[in-house]
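J.: Below is one structure. I have some questions about it.
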2 protein chains.
Amino acid sequence: MAGLIEPRTLKGFRDYPPELMIPRERLMDKARVVFRSYGYVPIDTPALEYAEILLGKGGQETDKQLYRFQDHGGRDVALRFDLTVPFARFAAQHIGQLGTPFKRYHIGTVWRGENTQRGRYREFVQCDFDFIGTTANAADIEIALVIHDLLRSLGFERFRIHINNRKLLNGLLEESGLAGKTAELLIALDKLPKIGAEAVLAEMEAKAGVGREAGQRLLELTQTQGSNAEVLDQLEQRFGKNPTAADGLQRLRELLDVAVRAGVPEAMLQVDVSIARGLDYYTGTVYETFLTDLPGIGSVCSGGRYDNLASLYTKQVLPGVGASLGLDRLLAAMAELNLLPKESTAAPVLLVFFEPNRLAEYQRMARTLRAAGIGVDVYPEPKKIGTQLKYADHRGFRFALIAGPDEFAQDVWQIKDLRAGQSATVPSTEVVGYLLKALGETAAGC
Amino acid sequence: MAGLIEPRTLKGFRDYPPELMIPRERLMDKARVVFRSYGYVPIDTPALEYAEILLGKGGQETDKQLYRFQDHGGRDVALRFDLTVPFARFAAQHIGQLGTPFKRYHIGTVWRGENTQRGRYREFVQCDFDFIGTTANAADIEIALVIHDLLRSLGFERFRIHINNRKLLNGLLEESGLAGKTAELLIALDKLPKIGAEAVLAEMEAKAGVGREAGQRLLELTQTQGSNAEVLDQLEQRFGKNPTAADGLQRLRELLDVAVRAGVPEAMLQVDVSIARGLDYYTGTVYETFLTDLPGIGSVCSGGRYDNLASLYTKQVLPGVGASLGLDRLLAAMAELNLLPKESTAAPVLLVFFEPNRLAEYQRMARTLRAAGIGVDVYPEPKKIGTQLKYADHRGFRFALIAGPDEFAQDVWQIKDLRAGQSATVPSTEVVGYLLKALGETAAGC
């Protein structure tokens, strides 16, 4: 045989070994439970589509990042670079049969041939959820509730969902005599957290011809301080007569009112007039979500309302509202906040293979535990106990279950708590109960 | 704006709308629970790899099916066509850090530019699990247990895991004086269920020069009938003195003994000397799994033991044993056997939006139910009840929850059982309990 092929991955791509994949899979599991609990249904679309479909909406940047090639049939195809465009195509094709309103979630891999210098990957997972086919504010409110429940279910207690409404922003610009420059101003405004007030003012002047004073007034407006009620009241007083702004304000008020009465702590919702989220796409409510302890990582769940999802592919008008959960950012945050258990096993118990001729008894006990919902890894060879316990330690098992001649003679098992370093001798019939209790107490079940 | 872009998917690719994706996701969830309960850990690898890596092992058929192109950096890349080659590359790269034994599962999409005429898709999901770094028969036995538990957890009660051992086959050929023709004979033998005995005999003669009589004796051997013990005893008597065959027989005996004593019904395990499963790769135990009620769809879970997983990429010898669950075949089977609930909602309860100014109360009740684990979809607009119930019917909700002025005045809710067509009036405080009981009884919770 010729020489070995060097095992390696492409630049910008990575393997997920168990210590990365276990928490990632847990996070996706938990997100799915929340989505389903609201009646969002899963869909999937092909990774590969006609380039024409994927490029329909893209600007030049998207074009350059696209993995695009000719397939065996000479078709011009590409790997999807997000889940929004495929969802628009999917909706155009299937909404007649699905009916509206329609709520879906989609967890899927996307590919972008980006510059990897910023520590970005060229392959990553997106997690989108959308509520389409209705303009009702009830849908906007629900998206805020889902965002809240997602973060809580992932173990975060300290976060804030920042909400704004593009109509309020538009009305505010109209009243300030800046309506014709909305696009340029909002692009500049969106950069505030990144580049600071001075640079934003300079850009407003350069790109929109808005003088320093007018720019400053605008910045001040978007920085309106106080409780949610105070902010809304101040804006109402100043811009309430503008019908566009009034509509935005009313929808924000109702969102806060219903969400709080439905059980979301008001401290977790914050009216923030400075967030605009891009430009053409969003037309109403917009959301960004920040972790109180790690504001620097940016928004971990963002989205907004749009007027028409699939205008490139169908004449049917499909308004909707949705958001995207930043899985990788959240995993990074959870690692930094020590919310990720350090383990590389999916089962909490290692069953030590001690007596060569007792495999049936070992497997029988393992099956009994699994039937009770306790994950058990049976070591495959009767190696020295020290070797097996080293394996257990390396992988992060919680308990080791051991039986040798003495234990079989007495019909008992030794249960070793690998973190506490303590052992107990437990009758065979009580092993399930003992471990269920122990794992329940440490919340380390499977 | 110019004309619309026609929304369509590529030939051989398909969307998964909710009615396909809900059962597919449930199936993957259940498989993951089984894998984890045995201590198998998840991994993931990139969809895109260096073509050189993916082609390392392939024959010409694979080459032609590969989605292969040049990326932005001029690299020769391709989409993975299975999960075995990426796992071999992954193991070569990471096994030093992971340590052995190592057990992983991998559920991932693969792409093959196959002829679609046979109803095959060019994009599909594979679900592989492997136990590597040990030659111990305990690992082979565990794979049989995992296959059994997978099928049971998916709701199948009538199936058989056919097991054989390539060593037994090899010994049998050695004793029949056919050792030099193993490859050709096993290729022919493997086709028995598809092309029948006559064609197999013809092929044995044409490709291996094995006369009709010798071929027939071989066929008869692989068709040895009787209970597992009878088959093993017969083969032992005839070939037990051949060391290779004896080794295979001993491993099969131990597998049956331990699996049955660990709780697997013997009727679900069948020694089947006729299965060989391909050629070069497998070297020991081999598995195929057939549904008793749908034998025609072929094996739904297949695999076997191999001597060396990653020889193309590393000098480290990595023996192992594994199998692959046929997700799409199982979904087709479940549809045919009516094991799939017909529903296109992920939540069992629709909360009807009746009174425009009661959204907070509706969302509050919905959140209370969700906290108890009951999925609730709140209709977003106060449309006519008839419209909302039609939506509920179309989606397959189990219950509708309704409250109007009368109900709010009395602090009760109407609960409509949409399948039974009956209604009950239930105090607010008892709605959770009522629905938990009703859903528990029909096993339709979320």
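J.: Which lysines does residue A:241 reach when only Cα atoms under 18 Å apart count, and residues fewer than 8 places away in its own chain are ignored?
T.: Within the straight-line cut-off, residue A:241 pairs with A:167.
J.: Next up: Provide an ascending nm list, one decimal, of label-point separations from residue B:420 to the equivalent residue in each further copy; define each label point as 7 Å from Cα along Cα→Cβ.
T.: Shortest to longest, the spacings are 4.6 nm.
J.: Shifting gears a bit: On average, how much area does the Cα convex hull of segment A:209-250 cover when viewed from any direction, in nm²?
T.: About 3.4 nm², averaged over all directions.
J.: If you put a point 7 Å past Cα along the Cβ direction, how far is that point for residue B:393 from the same point in each other copy, in nm, smallest first?
T.: Taking the point 7 Å beyond Cα along Cα→Cβ, the inter-copy spacings are 6.7 nm.
J.: Let me ask something additional. Helix-only mean residue ellipticity at 222 nm, chain A, DSSP H runs n ≥ 4 weighted -39,500 (n - 2.57), per residue, nearest 500. What is it?
T.: Mean residue ellipticity, 222 nm, calculated: -13500 deg cm²/dmol.
J.: Relative to 2.2 N^0.38 Å, what does the C-alpha radius of gyration of segment B:322-395 come to as a ratio? Two decimals please.
T.: So segment B:322-395 has a normalised radius of gyration of 1.55.
J.: Continuing with this model, one more query. Equivalent-ellipsoid semi-axes (√(5λ), Cα gyration tensor) for segment A:82-158, whole Å, largest first?
T.: For segment A:82-158, the ellipsoid semi-axes come out as 26, 21, 9 Å.
J.: Name the aspartates and glutamates eligible as straight-distance cross-link partners of residue A:390: C-alpha to C-alpha under 16 Å, and not fewer than 8 places from it in the same chain.
T.: Filter leaves A:343, A:377, A:381, A:417.
J.: Using DSSP, restrict attention to beta bridges with both residues in chain B and report what percent are antiparallel, rounded to the nearest 5.
T.: Bridges in chain B that DSSP calls antiparallel: roughly 80 percent.
J.: Translational diffusion coefficient of segment B:224-270 at 25 °C, 0.890 mPa s, Stokes-Einstein with Kirkwood Rh over Cα pairs, in µm²/s as a whole number.
T.: Rounded, D is 221 µm²/s.
J.: Now for a different question. Rounded to whole Hz and in sequence order, give me ³J(HN,Hα) for segment B:207-217 from the Karplus expression 6.51 cos²θ - 1.76 cosθ + 1.60, θ = phi - 60°, writing x for Gly and Pro.
T.: 8, 10, x, 8, x, 4, 5, 4, x, 5, 4
J.: May I ask you to list the aspartates and glutamates whose Cα is less than 13 Å away from that of residue A:191, ignoring any residue fewer than eight positions away on the same chain?
T.: By straight Cα distance, residue A:191 reaches A:203.
J.: Among the DSSP beta bridges whose two residues both lie in segment A:349-442, what percent are antiparallel, rounded to the nearest 5?
T.: 60 percent
J.: Can you list the copy-to-copy distances for residue B:226, using a point 7 angstrom from Cα toward Cβ, in nanometres, shortest first?
T.: Those separations, rounded to one decimal, come out as 9.3 nm.
J.: Give me a comma-separated list of calculated 3J(HN,Hα) values for segment A:357-364, in order, Karplus coefficients 6.51, -1.76, 1.60 applied at θ = phi - 60°, integers in Hz, x for any Gly or Pro.
T.: Result, ordered by residue: 9, 10, 4, 4, 5, 5, 5, 5 Hz.
J.: Here's another thing I want to ask about it. What is segment A:349-442 by shape, rounded, prolate or oblate, if you read a ≥ b ≥ c off the alpha carbon gyration tensor as root eigenvalues and call it rounded for a/c under 1.5, prolate for a/b larger than b/c, and oblate otherwise?
T.: Judged from the Cα gyration tensor, segment A:349-442 comes out rounded (a/c under 1.5).
J.: Once you put a point 7 Å from the Cα of residue A:234 and another 7 Å from the Cα of residue A:29, both along the Cβ direction, what distance in nm separates them?
T.: Here the answer is 4.6 nm between the modelled labels.
J.: Quick one: work out Rg over Rh on the C-alpha atoms of the protein assembly as shown, Rh as Kirkwood radius.
T.: 1.00
J.: Report ³J(HN,Hα) in whole Hz for each residue of segment A:240-254, in order, from the Karplus equation J = 6.51 cos²θ - 1.76 cosθ + 1.60 where θ = phi - 60°; Gly and Pro get x.
T.: So the Karplus estimates, Gly and Pro as x, are x, 7, 6, x, 5, 4, 4, 4, x, 4, 4, 5, 5, 4, 5 Hz.
J.: What do you get for Rg/Rh over segment A:1-104 if you use C-alpha atoms and the Kirkwood form of Rh?
T.: Ratio of gyration radius to Kirkwood radius for segment A:1-104: 1.07.
J.: Would you grab the residues whose amide H sits under 5 Å from the one on residue B:285? Only those 5+ places off in sequence or on another chain, please, with H modelled 1.01 Å from N.
T.: Here the answer is B:166, B:305, since their amide H atoms fall under 5 Å of that of residue B:285.
J.: While we're on this one: Give me the Debye-computed log₁₀ of I(q)/I(0) at q = 0.06, 0.09, 0.14 Å⁻¹ for chain A, equal point scatterers on Cα only, no solvent, two decimals.
T.: -0.37, -0.74, -1.30
J.: Let a ≥ b ≥ c be the square roots of the eigenvalues of the Cα gyration tensor of segment B:206-327; is it rounded (a/c under 1.5), or, if not, prolate (a/b larger than b/c) or oblate?
T.: Taking the square roots of the gyration eigenvalues as a ≥ b ≥ c, segment B:206-327 is rounded.
J.: Convex hull over the Cα atoms of segment A:275-407, averaged projected area in nm²?
T.: Directional mean of the projected Cα hull area for segment A:275-407 stands at 14.1 nm².
J.: Measuring from the axis that superposes chain B on chain A, report the chain B residue with the minimal C-beta distance, rounded to whole Å.
T.: Axis relating chain B to chain A; nearest Cβ residue and distance: B:69, 2.
Throughout, read-outs are computed from the coordinates displayed, never taken from laboratory work. This one's a predicted model, so the numbers in the text were calculated from it and none came from an experiment. Virtual Cβ from ideal backbone geometry, glycine too; neighbours counted across all protein chains shown.
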